[in-house]
Amino acid sequence: MATRKALNLRRGVDFICALMLIGTYTAIVTPFRDGKFDARAFKRLIALQVKGGVDGIVPVGTTGESPTLDYKEHIEVIARAVEYAAGKIRVMAGTGGNSTSEAVYLTQEAEKAGADSSLQVAPYYNKPTQEGLFQHFLEVSRATKLPLVLYSVPSRCGVEIGVETVRRLAVATPRIVGIKEAGGNADRVSQLRAALGPKFSILSGDDAMTLAFMALGAHGVVSVASNIVPRPIARMVAAFRAGHQSAALKLHEQLYPVFKDLFIESNPQPVKAALAMMGLVREEFRLPLVPMSAKNRAVLKMTLIQCGVLRHE
């Protein structure tokens, strides 16, 4: 007879294997007030996401300014996200790092806080080899029961998680369940799908590429734009998945100027500026991030007005 421990382990593996990360996940910003994490504003933002019908949120990723948070703050933001989401939407905690021990620690703390999964960015700055990437992610997977989503963003990390490395990881551990693909290369989606099959989750890391990626087999998006327009993004993704390509394309075309101008300066400067214009957060950053230039702010504001996000004053 199998022991209880063995049965629990098997159930855990079955859950991970069955998990499909599908739909719209918002890479949610971290609001600050007077230099400190603004939990009240964060609660309002998450309520907006729940009301907007997204499938989940990703706290303390790139958009959440994770590099400027210390460990205590990082863990607090995740815990608050879990608390405020209240089981209504999933929480994919950003807990990657360029130090494996740091990624392990933050992931374990996210698991304790009740996160549903973890987003693991490729180690940045130190530019590991593909074998180094494999060993890094494998070590993190051994330290947690959370499902892990890899995050390949070579423009920020200086290294791409190779398709073969992703395949090796998926074979080596059932905890690696998906990838956020943010390299801007649609061909990678086809390569990943061919190497990993239909049950491995692929999420676009670029709002403007979402429909193109989904046409090639991706399951949804980790979105910056859904911070300000959650319902239209969720509708666009759901429409495409339901086979209503023309409706999805119409929403994409309406939102494309927003997609473009939210990256007119380094993310998350524009999206935080937009949220501030909407009265939802303070436009406050930690150095080296700074507020947008007046010229680009005017461009962004006009785009938000033209797309119906803001009203004319």
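In table form, for the structure just shown:
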| quantity | calculated |
| --- | --- |
| Near pairs, Cβ below 7 angstrom, 6+ apart or cross-chain, from segment 25-50 (without any contact (Cβ under 8 Å) to a residue 60 or more places away in the chain and within 13 Å of VAL91 (Cα to Cα)) to any residue that is open to solvent by 20 Å² or more (accessible area, probe 1.4 Å) and in a loop (DSSP other than H, G, I, E, B) | VAL50/LYS88 |
| Of all residues making up segment 212-243, the number that are open to solvent by 20 Å² or more (accessible area, probe 1.4 Å) and touching a helix residue (DSSP H, G or I) at 6+ places or on another chain (Cβ under 7 Å) | 7 |
| Positions within segment 23-76 being open to solvent by 10 Å² or more (accessible area, probe 1.4 Å), aliphatic (A, V, I, L, M) and assigned to a helix (DSSP H, G or I), in sequence order | ALA39, ALA47, LEU48, VAL50, ILE75 |
| Residues of segment 285-313 satisfying the condition of being under 19 Å from ARG44 (Cβ atoms) and in contact (Cβ under 8 Å) with a residue 60 or more places away in the chain | PHE285, LEU304, VAL309 |
| In segment 114-132, residue least open to solvent (accessible area, probe 1.4 Å) [restricted to those that are outside any loop (DSSP other than H, G, I, E, B) and in contact with an Asp or Glu (Cβ under 9 Å, 6 or more places away or on another chain)] | SER118 |
| Any pair with Cβ under 6 angstrom, 6 or more apart, that starts in segment 128-151 at a residue that is farther than 15 Å from GLY94 by Cβ and ends at one that is part of a loop (DSSP other than H, G, I, E, B) and open to solvent by less than 30 Å² (accessible area, probe 1.4 Å) | GLN130/GLY162; LEU133/ILE161; HIS136/PRO123; SER141/THR173 |
| Segment 255-284 residues that are free of Cβ contacts under 8 Å to residues at least 24 places away in the same chain and assigned to a loop (DSSP other than H, G, I, E, B), paired with ones that are open to solvent by less than 20 Å² (accessible area, probe 1.4 Å) and among the basic types (Lys, Arg) (beta carbon under 8 Å, 6 or more apart) | GLU283/LYS272 |
| Residue among ARG231, ARG188 that is under 20 Å from the mean Cα position of the chain (by Cα), over 19 Å from VAL121 (Cα atoms) and outside any loop (DSSP other than H, G, I, E, B) | ARG231 |
| Single residue of ALA103, ALA81, ALA113 found to be closer than 21 Å to THR26 by Cβ and more than 15 Å from the chain's Cα centre (by Cα) | ALA113 |
| Residue within segment 141-149 that is within 20 Å of the chain's Cα centre (by Cα), surrounded by fewer than 22 Cβ atoms within 10 Å (Cβ to Cβ) and charged (D, E, K, R) present | yes |
| Conditions (1) outside any helix (DSSP H, G or I); (2) under 24 Å from GLU131 (Cα atoms); (3) open to solvent by less than 10 Å² (accessible area, probe 1.4 Å): number failed by GLY183 | (3) |
| Test: residue in segment 264-280 that is touching a helix residue (DSSP H, G or I) at 6+ places or on another chain (Cβ under 7 Å), open to solvent by 70 Å² or more (accessible area, probe 1.4 Å) and of a type outside the set (Val, Ile, Thr) | no |
| Restricting segment 83-97 to residues that are assigned to a loop (DSSP other than H, G, I, E, B) and free of Cβ contacts under 8 Å to residues at least 40 places away in the same chain, the residue that is surrounded by the most Cβ atoms within 10 Å (Cβ to Cβ) | THR95 |
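The values are calculated or read from the model by the stated rules, or taken from the named source; none is laboratory data. No experiment lies behind these values; they were computed from the predicted model shown. We place every Cβ from the backbone using ideal geometry, glycine too, and count neighbours over all the protein chains shown. Only protein heavy atoms, including side chains, enter the accessible area calculation; ligands, DNA and RNA are left aside. Shrake-Rupley method; radii C 1.70, N 1.55, O 1.52, S 1.80 Å.
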